[in-house]
Structures are given as C-alpha cells and as structure tokens.
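Quick notes on the structure that follows.
The values are calculated or read from the model by the stated rules, or taken from the named source; none is laboratory data. Everything quoted here is computed from the prediction, not taken from an experiment. For neighbour counting, all protein chains shown are included, and Cβ atoms are generated from backbone atoms with ideal geometry for every residue, glycine included.
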Amino acid sequence: MIICKKISAVRDIVKEQRGQGRSIALVPTMGYLHEGHLTLVEEARKSGAFVVMSIFVNPLQFGPNEDFARYPRDLERDAKKAEGAGVDLIFNPEVEEMYPAKNLTHVEVDELGDSLCGASRPGHFRGVTTVVSKLFHIVQPDRAYFGQKDYQQYLIICQMVKDLNFPIEVIGVPIVREEDGLALSSRNIYLSPEQRAEALVLQRSLGEAENWFRQGERSALTIEERIKELIRNESSGEIDYVEIRSAENLHRVEQIEGKIFIALAVRFGSTRLIDNKVLEGM
C-alpha cells in the first residue's frame, strides 16, 4: 500500500494504473477508520479497481465552534486498517496541499443542502461538496463510495455529479452498526459510557417509527412527535431535529407515501450524532 501526501504523486500513480487497464475507485474519509469505512473498501474491491482512500480532515466543512481541532486523527492506526482491508493508496494531504491559499472558489448544491444538517451547520455542505469535487478532479475515479448514514450528503453528492457532469458512478453503502445497533461513527469515541448507552435510543426510536408505519400510521408529524417523545423520555439527549422527508429530494412530507427518509440528529453532551432510516411508503 502506498501513502501519498502530494496531489502530483497521486495523479502520477493513478495515471500509471489506468495505463495498466485498471479502473479507479475512491473512498473519501476523514480518517479514524471504523468498520463502516472498511465496508466501503470491501464494496470498492468487488469491481477489481485500484482503490484510493482519502484521509483528510477538511476544515471547510467545520463551523467555528465545531470539533475540527479535536477530531480524532491517527494515520498509523488508519494505515494498518486500510491496508488490511485492501486499500491500494492512501491520499493523506496536509491542509496546505489542498488549500495552499485562501479558497475563493466553492461548490454548492442548492435546496438539498438547505435543510436538516445544512440548517444546523451552515456552510457544512458547501465545504463537503468543495472538497469532494477537488478529490474527484485529483483522483478522477470511475466510482466513488459513500456511507448512507450521511444520507443527505449522499444525495447532495449524487446531485453534484449529475449537475456538473462528472463521469463518476456514486455508490451508496447502507449504514453499518455496532452489535447493539449504534450507527458507527468516528465521533462515538467522544461519548462517555453513560452517553454511549443513552445513544442507543436513536436506533430504537427508528425501529419504533417503522413499527408505527407498518401498523398503518401515515402522518409524518405524528411519527416525528412520537420519536421526539421517546428520545426525551429515554435519554438526556438534546434533539437537534427529527424530520421525515422525501428520500428522493428531501422535500417535507405531511402524509407518508413513496420513499421517505426519517432523519435524526441528537446531541449527547457535546457530541452530535445522526442516524436515519429509509422506508418505502404505499
């Protein structure tokens, strides 16, 4: 496995691999790898592609009071996990390599990025789409793999690729959970044992929401309020949002029909966790 810090080196290696007839797969990450990331690699390897993993904590997607400085970083640990999973190349640039001067150009997807995490974290998705577009230009992959725990981000990336004519197939991979049901996240390490136990209410409430839906409840507002009540009754978590939206375009829905997306964001102490479930209506 190769570790590159420079854009020029990545481009040279990718060009060489293409010359040998190989396709290129990209797995963008911010590091501190867990099984969710490694599942993306597993999916990427199925095509026989040369697998590039980016490990870059992108400052553009963090707000002024967010956890950029303390976001977990451990390249040695990550490299061992990535190599074991079959990554061929890690691109681990310094901030100065990606942004050598003040960035005056940004990529922004309207509408899809205005709600949910976009409303709670202004500028977040502009930072995501800007860095992902840069990675796409640097690596020029045939396919790129994204976890659907960040379902809103996945839809935004798909829209960006469509609108900007990137010749890339974006592949969404289902949420990977720990044995007890907590969605895997690099930020889970911030949780105290008590907060970690309380955070299980997220997956539990999504399961209850599905039950209510299967039992015939079709009012989005009713299910949202029931989820909020369950979270408040069973944890000390501070709710950021609980919303049901179209899984196709993130529009608000009143009556559930078609494919919908139940989205949660809840803070446990200073740690903000997200989770979701996609359901097919009738």
Which condition does L230 not pass, out of (1) within 13 Å of V266 (Cα to Cα); (2) touching a strand residue (DSSP E or B) at 6+ places or on another chain (Cβ under 9 Å); (3) free of Cβ contacts under 8 Å to residues at least 60 places away in the same chain, if it passes all the others?
(2)
Which of (1) at pLDDT below 95; (2) within 20 Å of V27 (Cβ to Cβ) does G86 not meet, given it meets every other one?
(1)
Does S246 satisfy the condition of being within 22 Å of the chain's Cα centre (by Cα), at pLDDT 95 or above and not assigned by TED's automatic domain parsing to the domain that holds V57?
yes
Scanning segment 243-262 residue by residue, those in a strand (DSSP E or B), under 16 Å from G118 (Cβ atoms) and touching a helix residue (DSSP H, G or I) at 6+ places or on another chain (Cβ under 7 Å) turn out to be E243, F261
Given the conditions (1) surrounded by fewer than 17 Cβ atoms within 10 Å (Cβ to Cβ); (2) closer than 22 Å to K134 by Cα; (3) touching a residue at least 12 places away in the same chain (Cβ under 8 Å), report the number of the one that E66 does not fulfil.
(2)
Selection from segment 5-46 of residues over 22 Å from P167 (Cβ atoms), over 23 Å from the mean Cα position of the chain (by Cα) and among the hydrophobic types (A, V, I, L, M, F, W, C) yields A9
Residues (in contact with a strand residue (DSSP E or B) (Cβ under 7 Å, 6 or more places away or on another chain), of a type in the set (A, V, I, L, M) and surrounded by fewer than 21 Cβ atoms within 10 Å (Cβ to Cβ)) located in segment 118-161
V161
Among the listed residues P122, P167, which satisfies the condition of being assigned by TED's automatic domain parsing to the domain that holds P64, over 25 Å from E42 (Cβ atoms) and not hydrophobic (A, V, I, L, M, F, W, C)?
P122
V170, sole failed condition from (1) in a strand (DSSP E or B); (2) touching a residue at least 60 places away in the same chain (Cβ under 8 Å):
(2)
Residues (surrounded by fewer than 16 Cβ atoms within 10 Å (Cβ to Cβ) and among the hydrophobic types (A, V, I, L, M, F, W, C)) located in segment 230-270:
I239
Do you know which residues across segment 173-187 are without any contact (Cβ under 8 Å) to a residue 40 or more places away in the chain and crowded, with 18+ Cβ neighbours inside 10 Å?
L182
Qualifying position, being more than 23 Å from P141 (Cα to Cα) and in contact (Cβ under 8 Å) with a residue 24 or more places away in the chain, among E76, E83, E111, E97
E111
